[in-house]
Amino acid sequence: MSDSSENNQFNSDDLNFDDFQLEENLSEPAYTPLPERDLSFFKNIPVTVTLEVASKEVALGDLMKAGEGSVIELDKMNGEPLDVKVNGSLMGHAEVVVVNDKYGLRLIDVVDETLSAAFE
């Protein structure tokens, strides 16, 4: 039984790299790149844009004690830029503006340049 297990063992001397046929020109890519696709259909996918004023982590017990007239201090100072989130992910920062009697936002900075291109 020990003789058969010895015959199945790997021996690195048995490897012969000359048996492999390698490509002569290794500088060219081994794949053909696909042509660029028109991705303009992504521009019509709806997303949710949220302007977050501020936030605060509060213990549930403290929140249950809150009632009418209670004040919960938030983590932003007056005048600081607000967070703009797209589908919950931070996109950038903005300030509140009023346009035609409706609230709007004016972008101050954009965190991800690829996401900003979607709004152009």
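Computed over neighbours whose Cβ is under 10 Å from that of A54, the net charge equals -3, Lys and Arg +1, Asp and Glu -1. Here the residues V47, V110, ranked from fewest to most Cβ neighbours within 10 Å of their Cβ, fall in the order V47, V110.
Between I108 and R37, what's the calculated FRET efficiency when r is the beta-carbon distance and R0 is 41 Å? Round to 0.05. After rounding to 0.05, the efficiency reads 0.80.
Since every read-out is calculated from the coordinates, none of them should be taken as a lab result. Keep in mind that what you see is a predicted model, and the values were worked out from it rather than measured. Note that we place each Cβ from the backbone using ideal geometry, even for glycine, and neighbour counts take in every protein chain shown.
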